[in-house]
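Down below is the structure, laid out as structure tokens.
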Amino acid sequence: MPSTGLRMKVNGLEDSHIWISITICSMYTVAVVGNIFLIFLIVTESSLHEPMYLFLSMLALADVLLSTATAPKMLAIFWFHSMDISFGSCVSQMFFIHFIFVAESAILLAMAFDRYVAICYPLRYTTILTSSFIGKIGIAAVVRSFLICFPFIFLVYRLTYCGRNIIPHSYCEHMGIARLACDNINVNIIYGLTVALLSTGLDAVLIIMSYARILLTVFQIPSWAARCKALNTCGSHICVIFMFYAPAFFSFFAHRFGGKTIPHHIHILVANFYVVVPPMLNPIIYGVKTKQIQDRVILRFSPISTCC
């Protein structure tokens, strides 16, 4: 490992760093408050103890953890020029970022399965998605993510580092650390690609297959009103899926095929906003598009409005 520790350095858009940091701070604050409130609402309201909302609470928890694992250090870099980080802390941050990302992808797949069962097999919905089954899905998502991401730690510790210690990023990720080594990193590259394809990539394919089956079922419904109602229950989830996977796949393909045409600071900017924008918007989207959550929020705050 590097004997002098690591330094994070964000080049480009220096004149805009203060405004970028203020934006990130605002989004991070909204993300944490919004998701914690959403978790509190789902936990305390018995009418929301349904599979869709239980999965939503898991997603909200993952959003809080992902943004908290990255945003504070990003703000420290932008505001206080606190660029130094120990190698161990950097590896820890790397592990938690990848771990939460893979777990969140699994949760989105579980939410797609929930909608698939609800629309394609409505009469078996309560017998398939029991509380114990939902708990097993949550445990499976965590275990799978841990088993996939834990090898990253050994892959970066096995490398020999010989002087380079600057990570051109605002948070630590696997290939960013590996590229500092003077060893051959082909194993790191191959494992990273394999993980991307067989975890988040496979999840995305299964989600697409689920919604293809959902659409086939919906368009077999004779009533337009029933079709719209069925599709409306999927609207929030589709928006969240798009926000999660679109920036991730953009970064993935841009790094490998557009490295020379897309400026590096654009990669960094997308990565910075990726860890705060979806966590900020997810509770807003579900709050706006889900009537049950709207009703619970109104009921929760109605005594306050009455007193005032």
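Before moving on, here are some points about what is shown:
- If the condition is being part of a helix (DSSP H, G or I), open to solvent by 30 Å² or more (accessible area, probe 1.4 Å) and either in contact with a helix residue (DSSP H, G or I) (Cβ under 8 Å, 6 or more places away or on another chain) or closer than 16 Å to residue 137 by Cβ (or both), then segment 39-64 contributes 39, 43, 47, 52, 54, 58, 61.
- Pairs where the first residue, in segment 254-270, is hydroxyl-bearing (Ser, Thr, Tyr) and the second is outside any loop (DSSP other than H, G, I, E, B) and at pLDDT below 70, C-beta under 9 Å, 6+ apart: 261/254
- Test: residue in segment 113-129 that is under 27 Å from residue 264 (Cβ atoms), acidic (Asp, Glu) and in contact (Cβ under 8 Å) with a residue 24 or more places away in the chain: no
- Selection from segment 253-268 of residues that are modelled with pLDDT under 70 and either under 16 Å from residue 192 (Cα atoms) or part of a helix (DSSP H, G or I) (or both): 253, 254, 255, 256, 257
- Among the residues of segment 215-227, those identified as hydrophobic (A, V, I, L, M, F, W, C) and open to solvent by less than 90 Å² (accessible area, probe 1.4 Å) are 215, 218, 221, 225, 226.
- Within segment 169-213, the set of residues being of a type outside the set (Gly, Ala, Ser) and in contact with a strand residue (DSSP E or B) (Cβ under 8 Å, 6 or more places away or on another chain) comprises 169, 171, 172, 177, 180, 182.
- In segment 112-123, residue farthest from residue 199 (Cα to Cα) [restricted to those that are surrounded by 11 or more Cβ atoms within 10 Å (Cβ to Cβ) and more than 19 Å from the chain's Cα centre (by Cα)]: 122
- The listed residue being assigned to a helix (DSSP H, G or I), open to solvent by less than 80 Å² (accessible area, probe 1.4 Å), touching a helix residue (DSSP H, G or I) at 6+ places or on another chain (Cβ under 7 Å) and under 22 Å from residue 5 (Cα atoms), out of 177, 148: 177
- Members of segment 181-196 found to be out of contact with any Phe, Trp or Tyr (no Cβ under 6 Å at 6 or more places or on another chain) and surrounded by 13 or more Cβ atoms within 10 Å (Cβ to Cβ), listed by number: 183, 185, 187, 188, 189, 191, 192, 193, 195, 196
- Against the test of being in a helix (DSSP H, G or I), modelled with pLDDT under 80 and buried (at least 16 other Cβ atoms within 10 Å of the Cβ), the options 271, 230, 204 yield a single qualifying residue, 230.
The values are calculated or read from the model by the stated rules, or taken from the named source; none is laboratory data. As the structure is a prediction and not an experimental result, all values here were calculated from the model. Every residue, glycine among them, receives a Cβ derived from its backbone with ideal geometry; neighbour counts consider all protein chains shown. Just so you know, the surface numbers come from the protein's heavy atoms only, side chains and all, with ligands and any DNA or RNA stripped out. Shrake-Rupley method; radii C 1.70, N 1.55, O 1.52, S 1.80 Å.
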